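Visitor: There's a structure below that I have some questions on.
What follows is calculated from the coordinates using simple rules that are stated; it is not laboratory data. Predicted, not measured: the structure shown is a model, and the values here were computed from it. We place every Cβ from the backbone using ideal geometry, glycine too, and count neighbours over all the protein chains shown.
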Amino acid sequence: MHLSWITAIFSAAASAYLTAALVYAFIWWRQPNAWAQLLFAFAALAAVGLVGCDLAEMHAESPAQFAAALRWTQLLLWVIVLALAGFVLLYFRAGKMWLFWSVCALRTLSLVLNYLTGQNLNYREITSLQSISFLGESVSIAKGVPNPWMLVGHLSLLVLMVFVADAALAVWRRGERRLAVIVGGSIVFFVLAGSGQAMLICWGIAPWPLTPSLFSLGIIAAMIYEVSDDALRAVQLGRDLQAKEQQITLAAEAANMGFWFRDFAREDFWACNQWRSLFGFTSSEALYMDNFLQRLHPNDRETTLHALDSAYHGDGSYQTEHRVVLPDGQVRWIACQGRLELGSDHQPLRLQGVSLDITRRKAAELEAQAHRNEASHLLRAASVGELSTAMAHELKQPLAAILSNAQAAQLFLAQDNIDLHEVREILGDIVADDKRAADVIDRVHVLMKKDRWHPQPLEANHLIRDVLRLMHHELEAHSVRVVTELTADLPSIRGDRVQLQQVLINLILNAVDAMSQPAKNDPTLTLRSGRMGESVQISVMDTGHGIPAGVEETIFESYYTTKSQGLGLGLSLSRSILIAHGGRLWAENQATGGAAFYCTMPEWKGDTAMMNAGDTSITA
């Protein structure tokens, strides 16, 4: 049986094109946004038809059959050229648009001319067919009058090569040199070879059969190589990703951290097993927003919803801390951080992030807060001891007035003609003096009692005035003049009233002690309030000897003191209290003499997280 090389070669070419078309169509089917692969599938499918046209020309028995096959060839070449140009534009992510549209316009014009000028774009008229030997077989070639409009088709191919070369050069500069050489180079080379063969044949220079389908094999081979390389790299990337995933999983398990994401388009909520374990969900349990919220502590649900709402309407950042109540009653503290991804219409697409178990850290913070509260209570007790003389004097006045008024009332009642008006006034004075004494006792009681940290909105100026009333007689006893420079309409601050009072008492007692030694300036205590960014600043300034050079930070260390009877905890504890409030405390020497202590506290934002901070129970 005689083997037909033409049939074998062109059948193999058609099979290659069809395989490439199916492969690239499958890639597009799995990735609907991969439009470059779909365009290449069209080009490969058109090349299958081109094989049929080449065989029809070689086996044509009349000039009319040959001319008809050439007309169909031009239609298929139009599909191939436009699909290749679009493929390069999308696959390379490069190329000048004006060149792309020039290719499309010129090739479309050549297709129109294919049907309007002569028998086809290649020949005005095919006068006869000639038989030649090709690959051991007799095939037909055309003899006739070349169509000069064929130059439009060749020009479109020239512009295509320029467009592809320009895009390949951009890819080369981008660092993707293998892609530029293999894909870009193969398209330019085989388009040039195919157009060169067509010119030589149609202008009667070379007596060969037209075989543009065979020149497309080089482009297909290059793309199949590219897909194979992509597949190999995808396999290797998959292995690397799997290894990275295992590493991340190990790290997440070691850190007690879980990953999650929420897809808004598909209403899908996914979380890894570590996250499910943190929140008490089984590996097969369906996840919904409602059952996630039900796991949260009732006092923390509003905070979490507020953080989600802030992510939707803000910069997309999601960050919060909340307690999780597990089915067995155990309570965990979880810190969550995520990022919201928006679509082109600015609607939320997905929210993804991580959750970290911070129960131990919270327990340590609570323990530190408890120690700080205990130390603060002891220091307040010591402060009350220092203020005991002034408080005794402050209590002595209303008590003496009560005694005097009571004695006067007895005298009025002993008379025969009782003046009830005078008695009423005396009793009113007794009630007023009793309230004065009760206020003094209440202020001491507030300082002395133990209580957990209770943040609330406070007015800085009211805080300063309350402390000055408490220390009025102490300041008078040391002949200290008090100057207040308080800024009106300050925003509320966020803090615990008793602890912030303790800070101001510590600073004022230190100032009084610094001014108790002879100095060139009269003892003057200045308290000032004002804004500092998004914080409120309170300044306590004295006219003492100031802070020795080089110890401006040392004075805030625990057990550092310059007092003979001091504990060295006042300033250290005061700074710790302000840091716990999100503020600062520092000291400077004044140019006019004396020291100035500055403390800042953040504005009250009305956040529920801070309101619930007092509820800090943890079941380990």
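Visitor: Just to verify a number: FRET efficiency for ARG469 and GLU341, C-beta to C-beta distance, R0 = 45 Å, to 0.05?
Guide: 0.20
Visitor: Additional query: For the range 489-509 and the range 1-75, what is the centre-to-centre distance using only Cα atoms, to the nearest Å?
Guide: 85
Visitor: State the percent of C-alpha pairs, over all pairs in the range 256-357, separated by a distance greater than 22 angstrom. Walk me through the numbers before you get to the answer.
Guide: Numbers: 1261 of 5151 pairs.
Roughly 24 percent, once rounded to a whole number.
Visitor: Continuing with this model, one more query. Take the Cα atoms of the range 1-70, find their three principal axes, and give me the spread along each one in whole Å, biggest first.
Guide: 46, 32, 10
Visitor: Provide Rg and Dmax in Å for the range 66-156, with only Cα atoms included in the calculation.
Guide: 15.9, 47
Visitor: Tell me, what HN-Hα J-couplings in whole Hz come from the Karplus equation 6.51 cos²θ - 1.76 cosθ + 1.60 at θ = phi - 60° for each residue of the range 212-223, using x for Gly and Pro?
Guide: 3J(HN,Hα) across the range 212-223, in whole Hz: x, 5, 6, 6, 6, 4, x, 5, 4, 4, 4, 5.
Visitor: So how do 149-156, 19-26 stack up, highest first, on mean other-Cβ count within 10 Å? Walk me through the intermediate numbers first.
Guide: Details: 149-156: 20.4, 19-26: 18.0.
Most protected by this proxy first, the peptides run 149-156, 19-26.
Visitor: Kindly state, to the nearest 0.05, the FRET efficiency for HIS59 paired with PHE261, given R0 = 51 Å and r defined as their beta-carbon distance.
Guide: 0.25
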